[in-house]
């Protein structure tokens, strides 16, 4: 399993589901504020042009998935494990979300198949919980708890569960030209989130932060950091194909941990 996929497994489902919801909301003529507030939102009469939902790359997010939604995601990272000349490898994840984060808690369970060759011989299950703490105007704040490496099998068997506790704030700013720019800030702490900077690839607990912003109606960009590395990523909602998304990013852009990785992703939310 790549270091990047280990971090992202907990938050992938929520982001995919909300991006899908955001794409549908745009098709229905809603602005980012309606997407952010979810079940409590009302369609705006003259909504401004809304840019893509601002996902964060490389760290967990507490943004709640829409209950009754699912996802399938394929990711590829090179080099494998961030080790030079290790070749590339991929992971496959799929999951489903239930519950309402406004009235109770949103829960997403994900099954992660680690490595594509041989396919299915290693993997685990992850669970993420999210609760909406505050909503007002064009902003919302979520608290999320993620638990990964559950019910693991194959090469992943025997590992201890990993945890993240994350707070995420999503808000939107409308420009004088009538363009609504959504942003997300996620801050958290977790086990197995920090790579050692001595080149040995050891993983320990630590804090992290991520910032995402909508760039166009289909493209968002993000910058994130752990205690030892900086990550940059971009995500694209494929026009005219609801639910389909592409992503590209790089873990540890400065190669501070000697584990730099290029990551590519293809996802479908439903």
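Throughout, read-outs are computed from the coordinates displayed, never taken from laboratory work. Computed from a predicted model, the values in this text were never measured in an experiment. Here the Cβ is made from the backbone with ideal geometry for all residues, glycine too, and neighbour counts use every protein chain on show.
Numbers at a glance
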{"quantity": "Extension gain from residue 151 to residue 133, taking 0.36 nm per residue of separation minus the Cα-Cα distance", "calculated": "3.5 nm"}
{"quantity": "Residues in segment 202-220 reached by a label modelled at residue 179 [backbone nitrogen below 18 Å; 7 Å Cα→Cβ]", "calculated": "212-220"}
{"quantity": "Chain lengthening between residue 264 and residue 200 when straightened (0.36 nm per residue, less Cα-Cα)", "calculated": "20.6 nm"}
{"quantity": "Per-residue Cβ neighbour rank within 10 angstrom, fewest leading, 263, 97", "calculated": "263, 97"}
{"quantity": "Between segment 50-125 and segment 216-263, the Cα center-to-center distance that results, in Å", "calculated": "13 Å"}
